[in-house]
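Worksheet for the structure shown next.
What follows draws every value from the coordinates through simple rules; no lab data is involved. All values derive from a computational prediction rather than experimental measurement. As a convention, Cβ positions derive from the backbone with ideal geometry for all residues, glycine included, and neighbour counts pool all protein chains shown.
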Amino acid sequence: MDRYTPIYVNTSGKICCIIGGGRVAARKIKGLLHAEAHIKVISPDITAELKQLHQDSRLEWIDRSYRKGDLRGAFLVYAATNRAEVNTAVVQEAMNEGILVNDAISSSNSTFITPSVVRRGRLSIAISTAGAGPAAAAEIRAVLEEQFGDEYETYIEFLHQMRGQVKARVSSSRQRSILLRQLTEMNVLEDIRSGQFRWWTEEQIGEWISRNQEEI
């Protein structure tokens, strides 16, 4: 059984190669766009959606088939053609160069897999069955999408704002930890759901920090 270590990889500004230009490649590219990667597509044919992204300068398109050496400088690679021999050649080159690679045809040939993801702003929840049950992963994702609604985007953004303010205003790591834990114990989510939430001003944040510091 394949075992994977769950990690989040920073691909912002890094070269990510996609060999292939069909629907599978397009699905892989959506996640990379969200992560602000430098996307390089190598394929003689690409979907209309990818052509539009190329015209919008959101990805680089090399209009030809894959050649050995194309992966030079890449951070990670998707072998996303429908030809097993091409994908195998891509995987071999990537492994020789120490580049993370995913084979869309065979996960057993991959050094990483792409999980199904629920996104709510800064919040991302990844679901994987290690290739055993893609349909099950889709069902679990649907459950999580219902459980973690759009209110979580505002909630996580609020926590991000407050964390920055607490780190800037409080020197004690112990006090910072306590204050941040207290934030998660407040009814912020319920206020967001009911429409009663209002973003705090810097003055309100300072008052909340001072008041709660006195109780620590």
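Brief remarks on what is shown
- Amide N of region 94-112 lying under 15 Å from the label point, which is placed 7 angstrom from the Cα of ILE7 along Cα→Cβ: 98-102, 111-112
- On the beta carbon distance between SER106 and ALA126, with R0 = 25 Å, the FRET formula returns roughly 0.75.
- Nonlocal amide H pairs with ILE18, under 5 Å, H built at 1.01 Å: LYS40, VAL41, ILE42, TYR78
- Taking the C-alpha atoms of region 21-87, convex hull volume expressed per residue in Å³: 85
- Bridgeable aspartates and glutamates around LYS40 (alpha carbons under 12 Å apart, same-chain partners fewer than 8 residues away excluded): GLU60, ASP63, ASP70.
- Of the GluC sites (Glu not before Pro) found in region 125-200, the ones in coil according to DSSP and having at most 12 other Cβ atoms within 10 Å of their Cβ are GLU185.
- Positive-end residue of ILE178, MET162, ILE105, charge dipole of the chain with Cβ unit charges: ILE105
- Loop-located trypsin sites (Lys or Arg not before Pro) in region 8-63 (DSSP state not H, G, I, E or B) with no more than 14 neighbouring Cβ atoms inside 10 Å: ARG58.
- Note on region 109-149: Rg/Rh from Cα positions, Kirkwood definition for Rh, rounded to two decimals, is 1.01.
- Range in the chain, longest, excluding exposed chymotrypsin sites (Phe, Trp or Tyr not before Pro) [loop by DSSP; at most 10 other beta-carbon atoms within 10 Å]: 9-198
- Where N is the number of residues in region 62-126, Cα Rg divided by 2.2 N^0.38 Å: 1.26
- Expressed as a fraction of 2.2 N^0.38 Å, the C-alpha radius of gyration for the chain is 1.30.
- Overall shape: oblate for region 126-168, with the ratio a/c of the largest to smallest alpha carbon gyration tensor axis at 1.5 or above and b/c at least equal to a/b.
- Panel note: the C-alpha atoms of region 152-216, placed on their principal axes, show extents of 34, 20, 20 Å (largest first).
- Length-normalised contact order of the chain in % [C-alpha pairs under 8 Å, at least 6 apart]: 13
- Sum of -39500 (n - 2.57) over DSSP H runs of 4+, divided by residues of the chain (222 nm, nearest 500): -14500 deg cm²/dmol
- The value given for region 102-204 is a Kirkwood hydrodynamic radius of 16.5 Å, derived from the mean inverse Cα-Cα separation.
- Hydrodynamic radius of region 1-126 per Kirkwood, over alpha carbon pairs, in Å: 14.7
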